[in-house]
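Have a look at the structure below before the remarks.
Bear in mind that the values in this text are calculations on the coordinates, not laboratory data. The model shown is predicted, which means the values in this text are computed figures rather than measured ones. Because the Cβ atoms are built from the backbone with ideal geometry, glycine has one as well, and the counts that use them run over all protein chains shown.
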Amino acid sequence: MKGFSGLTGATIIGIGHTLGSRKITNIELVERLSPNLVISASEIEQKTGIKQRYWCDTKKENLYVLLASAMEQALWSSGIEKEAITDLFVTCNPTSDYLLPNTASLVADISGLKKIKISPIGTGCAGPMIALESILEKLFYHTLASEERTVALIVGDQTSNILGQNMDRALFSDAASCFIIKNNRKGLYDLNYADHITFTESCDALRVLRDGTLIHDGRAVYRFATSIVPYVKELTGLEDFSSHHIIPHQANIRIIDKIAQSLNAVDCYSDGVINLGNTGPASTFIGLEDMHRRDMINKKKLLLVAFGEGLTVGVAELYKTGRNLTVSGRLSDEELHAKYMEIYNKKWS
C-alpha cells in the first residue's frame, strides 16, 4: 500500500469522544415520529441495526460543546496539556448555530486555544479522511524542517438540529471525537496514508430545505455507499484487505455488511452503529477508540473508510504500535459539557 508515515512520524497519541446526553431508545423514538409513520421499535432495529441514539439536550450542550469536550478527552488520554497544541483541524456537516465565526474558530475560542493555526474542513462524513491527508502533508514538511507539531483533529455533528419528523430521526446521533497527532513521537497508531476522491454523478440523496430540515433519500444513499469499494481499492492500491481491520463510516448495518462483503473483509467493525447510531463524521474515530479500549484490534493494520457529502470517498491507513492508552477511564462528560456550555453562554449565546 501507498504511504509515507516513516517520513512524517505522524502518530496518534490520544483519542477521545463525547455524545449528546439524551439517550433515545427505539421505543421512545416511535413515540416521537410523525403519526403518518407506522413502524415498530423492532422494525427500526431490523432495518438500521440501531438500538439507540444520542441527541443533545440543548440546555446542556451543543456542537461546539461536544467538539471542545472531545478534544479534552483526547488530551486526557494523551497525557499532554492543551497549551501544547500548535494546529487545530475541525470537520463537520453544517449542523452548528453559526456560519460566522466558523465552527473551528468558535471551538478554539471556548477551549482557550491561543496563537494556533486553525483549519476548518468540510465534506461531511468523509471530512476526517481529508483532514488526515492534510495533516500528513503538513507534518511531512515540519518534520523535514525539524519542527515539532501537535495537531488536534476534532470531528462531529449535531444532526438532531436538522431532523424532521421522519425516519431520519432513527439514524443519527450527536457526537464528536478527536485525535491528537504528533510528529517524531511514539504513540498509539502511526498514520501511514490518507487519500480521498470526489466525483460527480447523479445522486439526489441529501437535501436541507429552506426551513433547515434534512431530507434524506435512504435508497440513493445506499446505492452510493455500496458502490464505493472500487474507489477504496483505487485509493489504497489494494485488492486484498484480509490483513486489515476495517473501520467503516457507521451509516447503517446494511451498508456496513455490504461493504465488508465487497471488500472480503474478515474483520469489519459495526458495533458503533448498533450501540450509538450514525455518529456522522465522528463514527470512524469513535470506532477506533471503542476497539482500542476493548482490546478488539487483532491486526497490525487498520483501514478507516468514509463516504459523504460531495460524493466523496476517503480512506486512512493506521499501523498499531502496540502501546496502550496512557491513562485508563475517561473524564466526566457531564462536567465537561457543563464547563464549556457555561463559557459558550457567556460569550456567544
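The ranking of Arg32, Arg53, Arg149 by Cβ neighbour count inside 10 Å, starting from the fewest, reads Arg32, Arg149, Arg53. Neighbours of Ile85, meaning other residues whose beta-carbon lies under 15 angstrom from its beta-carbon, give a summed charge of +1 when Lys and Arg score +1 and Asp and Glu score -1. When each of Leu66, Leu302 is scored by the number of other beta-carbon atoms lying within 10 Å, the sequence from fewest to most is Leu302, Leu66. With a Förster radius of 41 Å applied to the beta-carbon distance between Glu43 and Glu147, the computed FRET efficiency rounds to 0.15.
Sorting Asp190, Asp271 from the fewest to the most surrounding beta carbons within 10 angstrom yields Asp271, Asp190. Neighbours of Arg169 by Cβ distance under 9 Å: Lys/Arg scored +1, Asp/Glu scored -1, total +1. Pick out the long, greasy-scoring helices in the chain: whole DSSP H runs spanning 20 Å or more along their own axis by Cα, mean Kyte-Doolittle at least -0.5. Once both thresholds are applied, what remains is 63-78, 127-144. Here is how the number arises for the chain: DSSP H runs of 4 or more residues each give -39500 (n - 2.57), the sum is divided by the residue count, and the result at 222 nm is -10000 deg cm²/dmol. Between Lys51 and Glu83, the FRET efficiency from the beta-carbon distance, with R0 = 35 Å, is close to 0.30.
Gap in Å between the Cα centre of the range 84-113 and the Cα centre of the range 268-324? Cα centroid to Cα centroid, the span is 23 Å.
Taking Lys and Arg as +1 and Asp and Glu as -1, the other residues whose beta-carbon sits under 14 Å from that of Arg32 total +1. Each residue of the range 112-117 was assigned a 3J(HN,Hα) from its phi angle through the Karplus curve 6.51 cos²θ - 1.76 cosθ + 1.60 (θ = phi - 60°); the sequence is x, 7, 10, 6, 10, 8 Hz, with glycine and proline shown as x. When the C-alpha to C-alpha distance is required to be over 22 Å, the pairs from Lys82/Lys182; Lys82/Lys117; Lys23/Lys346 that qualify are Lys23/Lys346. Here the chain was treated as a single set of alpha-carbon atoms; its pair distances binned every 10 Å from 0 give 6, 27, 36, 24, 7, 1, 0 percent.
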